Structures are given as C-alpha cells and as structure tokens.
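Below is one structure; the comments refer to it alone.
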Amino acid sequence: MHFEFYDTLSVVSHLEHQLKDVSVVEVQQFSYLSCLLWIYQGEGAAAWGYRYITNEYGAPFSTEIKTQFENLVGMGYLAMTTTGYYRTTAVGGAALSTLRQLSQYAKREVCIRTAVQCIRFIPYGEVKLAVQQEPTLRSARTVHQRALLLDDEGAAFTLLYEQFEMLRRVTGSEYDSLLVPAMAWLGATRQHPIG
C-alpha cells in the first residue's frame, strides 16, 4: 500500500472526530501539516513518500492525496454526506484499524494525529492561516506560480529547517508528544510570519 492511501484515510478519520464531515481541501491541509511534523522529527521530505505543490489558490496540494481520496470514495471506504462532505464508512474504519497495527505507519500516525489534535486548541481557520505562513508555501505564493513545496534545495526550505531547529532549542526534548512543538510553531507562525 502506498503511504498516501493510509494518510488520506487516517486524516479523514481523525478530522471527522473534530469537524464531523471532511472535505478534500481539509485533507490536503492536514496531510501537509503532518508532513511538516515529519520533517520536524528529523525525517527528510522525500521520505514522506509523495510531494506537494501549490495549487491555484496558493494552498498545499498533492495529486496523490487527491487521487487516493477519489479511490477511497470509489472503494466505499469514504462516503459523501448530505452536506457534500465526507466521512469514513464502516469498511473504511475497519481497513484503517488493520493498517494502524502495521509498524510502517506508526511514525506517520503520530504526525497525522498531532496535526489534527491542533484544532482542539487552535481554531481550524487559524491553523490553516498558520500553515499558509510556512516558508516554502509563502515563497511559492510570492512568485504567483505553482511550485514544488518542501524542496530540499530551496532557500525557503532552509528557513523552515532553521525555524524547526530554533523550536527544538526552545521546547527542548522534554516532551514525549509532538503536540507542544506543533502548537508552538503554529502559534509563532500565525502571529509572526517568518520568511
């Protein structure tokens, strides 16, 4: 199974507990935040398994997430609600429960769960705005073109790494959870955009 299959299903499952119904745009946003947390943990962006570009609105977009979202609907793992949004089905929930037992997804699950937990403490709109201030995303919007995000070669990616290194120094390693550094980064980024 591809990582984007798992990630899409897991993000929807976590988000529906917070938002009830979920859109593909929300899945894109929180899978991207999950990838940022993956990088914060010291993993390379390429190791995430798929990439993001900016869409026409300057938001993070993964073709793989979009494709898997559509596949999950077609397979009956996600279903559209009367509001036009989506939820996991019983079949999708059972599949996710099985996948969550596999060790290959454990570290991803921590990132996904943490990304979504942030909206328990910060309103969704503010999380979205904070993510929009992430350096590679800001840089791509500045030039008004679609661009590969989290590109290891770019100056904006270097700035992101510097932000994360500063955050590690400030929060230390005393926290077993990613939630504290995630909340600190989102709070700082939304109030004081850097880059």
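May I ask you to list the residues in region 145-158 that are touching a Ser or Thr at 6+ places or on another chain (Cβ under 9 Å), over 17 Å from Leu33 (Cβ atoms) and not in a loop (DSSP other than H, G, I, E, B)?
Selection gives Leu148, Ala155.
Taking the condition of being under 13 Å from the mean Cα position of the chain (by Cα) and either surrounded by 22 or more Cβ atoms within 10 Å (Cβ to Cβ) or closer than 20 Å to Cys118 by Cβ (or both), how many residues in region 1-20 meet it?
9
Here's a check for you: in region 21-47, which residue that is touching a residue at least 60 places away in the same chain (Cβ under 8 Å), within 16 Å of Thr114 (Cα to Cα) and among the hydrophobic types (A, V, I, L, M, F, W, C) is surrounded by the fewest Cβ atoms within 10 Å (Cβ to Cβ)?
Checked region 21-47; the qualifying residue surrounded by the fewest Cβ atoms within 10 Å (Cβ to Cβ) is Ile39.
Can you find a residue in region 53-64 that is outside any loop (DSSP other than H, G, I, E, B), acidic (Asp, Glu) and out of contact with any Asp or Glu (no Cβ under 7 Å at 6 or more places or on another chain)?
Looking only at region 53-64, we keep the residues that are outside any loop (DSSP other than H, G, I, E, B), and these are 53-54, 60-61, 63-64.
From the residues that got through so far, the ones that are acidic (Asp, Glu) too are 64.
So of that shortlist, the ones also out of contact with any Asp or Glu (no Cβ under 7 Å at 6 or more places or on another chain) come out as none.
For region 53-64, residues outside any loop (DSSP other than H, G, I, E, B), acidic (Asp, Glu) and out of contact with any Asp or Glu (no Cβ under 7 Å at 6 or more places or on another chain): absent.
Pick from region 38-67 the residues that are within 28 Å of Thr81 (Cβ to Cβ) and of a type in the set (A, V, I, L, M): which of them is modelled with the lowest pLDDT?
Selected residue: Ala59.
I need every pair where a residue in region 93-122 that is within 17 Å of Leu37 (Cα to Cα) and part of a helix (DSSP H, G or I) has its Cβ under 6 Å from the Cβ of a residue that is β-branched (Val, Ile, Thr) and modelled with pLDDT of 95 or more, sequence separation at least 6 or different chains.
Pairs found: Ile112/Val11.
The values are calculated or read from the model by the stated rules, or taken from the named source; none is laboratory data. If you're wondering where the values come from, they're calculated on a predicted model, not measured in any experiment. All Cβ positions, even for glycine, are placed from backbone atoms using ideal geometry, and neighbour counts span all protein chains on display.
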